[in-house]
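Peer 1: My questions all concern the structure below.
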Amino acid sequence: MTAKDIIIATGSVPFVPPGITVDGKTVVTSDHALKLDWVPEWVGIIGSGYIGLEFSDVYTALGSDVTFIEALDKLMPGFDTEIAKMAQRMLIQPRNIDHHIGVLAAKVTPGVPGVKPVIVDLVDFKTKEHVQTLEMDAVLVATGRAPYTNGLNLSAINAATDRRGFIPVDERMRVLDTAGKPVEGVWCIGDANGKMMLAHAASAQGISAVENMCGRPHVLNHLSVPAACFTHPEISFVGLTQEQAEKKGQDEGFTVRVSKTSFKANSKALAEGEGEGMAKVVYNGKTGEILGVHIIGLHAADLIHEASNAIAMGQTVQQLKFMVHAHPTLAEVVDEVFKGSHVDLPTAHTTKEAIAA
C-alpha cells in the first residue's frame, strides 16, 4: 500500500518492569484486571498513578484489601501535591488500603488463585537492598504504558525511536528523522509519540495532523489538554501543577498565585451529599495567565473543561471571573475559584495581549 501521507497510530501496551512475571490470573496488567473471574481478598498494586488509583477504587468497592507499592517517596507523585494529599484523605485513608513507598517490586512470582499466593520481593528504591517479602492473592502492575512501535522499520525512512521506543515528532505531529528534521508525509499521533498518553489527546493530535497535511497549519497546545482520574469522587486537572508553575515563575521572573474554593460551599454538591473536595487555579500574578487548574470532587472530570478551553483560547483569570454560571450548579465551583483570583494589572481582564507582554 502506498499513500501521500501516512499516520502512525499504533498506541501502547502496559509496561511491565524487569523481574515481574505476568500470568494474567494472579499477576495482571490493566488489560487483564477488569476480566478476572474472581475477586482477590488482597490485591497489591504496583504504582500509584491514574491506573493504580482507579483500580484501587474498583477493588475496594468489591471488598478487596489493597496495598500500594510505590517506588517514589510519596503516593500519587504525578498529581499536584495539595490535591494528592486530599485524595489520600478521601480515597485511601477511609478504605482498606495501605502502602509501601520508596520501594521497588524487584521480583514478582505468580501464584494460583485460592491455592498459592503471589510472592513480592521489595527492595529499597535507592539502595536496592531487600526490605520485605509480601504474600498476596493477586498483584496489578500499574507502572504505566510503553509505546507499541517495535517492527515498524522506521530506519527505512531514517527515523528512529528514543530509548523508550517513542517516535519523536515536531509540533505539527510530523515524524522526525535522526537529524531532527521532518520526514515528508509521515506523521505520528497518540501514545506512540509519548507527548501525552491520553485517548482524547490522541484524537486531538489526529485532527491537528490532518489539518496540517491539508495545508491548514495547526499546533495543538498540550497544556490545554485535560486529564481525569475516574475514582469516587473524581480528580481532574489541566496545565501545570502548583510546583511546576512555581518553578516556571522562578525561572522566568514572575509571581505565581493560587485561588482555591471548596465543594462545601457549593449548594448542588451539598444537596447531593458530596460536599468533600476542592478546586484550585494556579496563575501568573502579573498577567492573569492560567497555568493550571486542579479539581477533586463530584463530577470533577466534567468541570475541568471550562478551564481547559480557557487555556486553549488564552483567556485570563480576570476575564473568567466576570463570567456567569447558573445557580445551583456544580459549575459554580469553577466560577468561585476564578472569582477568588487577583492580579497586579487592573486592566488584565480587558487585554489578551497582557500575557504576551
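The values are calculated or read from the model by the stated rules, or taken from the named source; none is laboratory data. Worth saying up front: this structure is predicted, and the values here are computed from it rather than measured. Cβ atoms come from the backbone with ideal geometry, glycine included; neighbour counts cover every protein chain shown.
Let's see how each residue does on (1) within 22 Å of Ile235 (Cα to Cα); (2) touching a residue at least 24 places away in the same chain (Cβ under 8 Å); (3) hydrophobic (A, V, I, L, M, F, W, C); (4) outside the structural domain of Lys128 (by TED's automatic domain parsing):
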{"site": "Val27", "(1), (2), (3), (4)": "no, yes, yes, no"}
{"site": "Trp38", "(1), (2), (3), (4)": "no, yes, yes, no"}
{"site": "Asp57", "(1), (2), (3), (4)": "yes, yes, no, no"}
{"site": "Thr60", "(1), (2), (3), (4)": "yes, yes, no, no"}
{"site": "Phe79", "(1), (2), (3), (4)": "yes, yes, yes, no"}
{"site": "Ile83", "(1), (2), (3), (4)": "yes, yes, yes, no"}
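Peer 1: Let me ask something else about it. I'm trying to understand the selection: among the residues of the range 306-331, which are more than 24 Å from the chain's Cα centre (by Cα) and either acidic (Asp, Glu) or not in a helix (DSSP H, G or I) (or both)?
Peer 2: Restricting attention to the range 306-331, the residues satisfying the condition of being more than 24 Å from the chain's Cα centre (by Cα) are 318-329.
Matches in the range 306-331: Lys321, Phe322, Met323, Val324, His325, Ala326, His327, Pro328, Thr329.
Peer 1: Suppose we keep only residues that are part of a loop (DSSP other than H, G, I, E, B) and of a type outside the set (Val, Ile, Thr) within the range 200-229. Which one would you say is nearest to the chain's Cα centre (by Cα)?
Peer 2: My answer is Pro226.
Peer 1: Sort out which residues of the range 306-326 are closer than 11 Å to Pro226 by Cα and in contact (Cβ under 8 Å) with a residue 40 or more places away in the chain, and write them in order of number. It would help to see each step written out before you state the result.
Peer 2: Initial filter on the range 306-326 (closer than 11 Å to Pro226 by Cα): 306-309, 311-312.
Within the range 306-326, Ala307, Ser308, Asn309, Ile311, Ala312 qualify.
Peer 1: Separate question: Can you name every one of the strands (runs of 3 or more DSSP E) wholly within the range 65-140 that holds 2 or more residues which are surrounded by 21 or more Cβ atoms within 10 Å (Cβ to Cβ) and not charged (D, E, K, R)? If you could, list the steps in order and put the result at the bottom.
Peer 2: Working: elements: 65-70, 97-101, 103-109, 118-124, 130-136.
Output list reads 65-70, 103-109, 118-124.
Peer 1: Output the residues belonging to the range 154-199 that are part of a helix (DSSP H, G or I) and touching a residue at least 12 places away in the same chain (Cβ under 8 Å).
Peer 2: So the first thing to find is which residues in the range 154-199 are part of a helix (DSSP H, G or I), and the list is 154-157, 190-193, 199.
Leu154, Ile157, Gly190, Asp191, Ala192, Asn193 - these are the residues of the range 154-199 that are part of a helix (DSSP H, G or I) and touching a residue at least 12 places away in the same chain (Cβ under 8 Å).
Peer 1: On to the next question. Under 9 Å between Cβ atoms, which residue pairs at least 6 apart in sequence (or on different chains) link something in the range 240-260 that is touching a residue at least 24 places away in the same chain (Cβ under 8 Å) with a partner that is of a type in the set (A, V, I, L, M) and surrounded by fewer than 19 Cβ atoms within 10 Å (Cβ to Cβ)?
Peer 2: Leu240/Leu223
Peer 1: Under the condition of being touching an Asp or Glu at 6+ places or on another chain (Cβ under 6 Å) and small (Gly, Ala, Ser), which residue from the range 286-331 is surrounded by the fewest Cβ atoms within 10 Å (Cβ to Cβ)?
Peer 2: This residue is Ala301.
Yes or no, residue by residue, for (1) surrounded by fewer than 18 Cβ atoms within 10 Å (Cβ to Cβ); (2) at pLDDT below 95; (3) more than 19 Å from Gly340 (Cβ to Cβ); (4) assigned by TED's automatic domain parsing to the domain that holds Gly190:
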position: Ala228; (1), (2), (3), (4): no, no, yes, no
position: Glu234; (1), (2), (3), (4): no, no, yes, no
position: Gly239; (1), (2), (3), (4): no, no, no, no
position: Gln244; (1), (2), (3), (4): yes, no, yes, no
position: Thr255; (1), (2), (3), (4): yes, no, no, no
position: Ser259; (1), (2), (3), (4): no, no, no, no
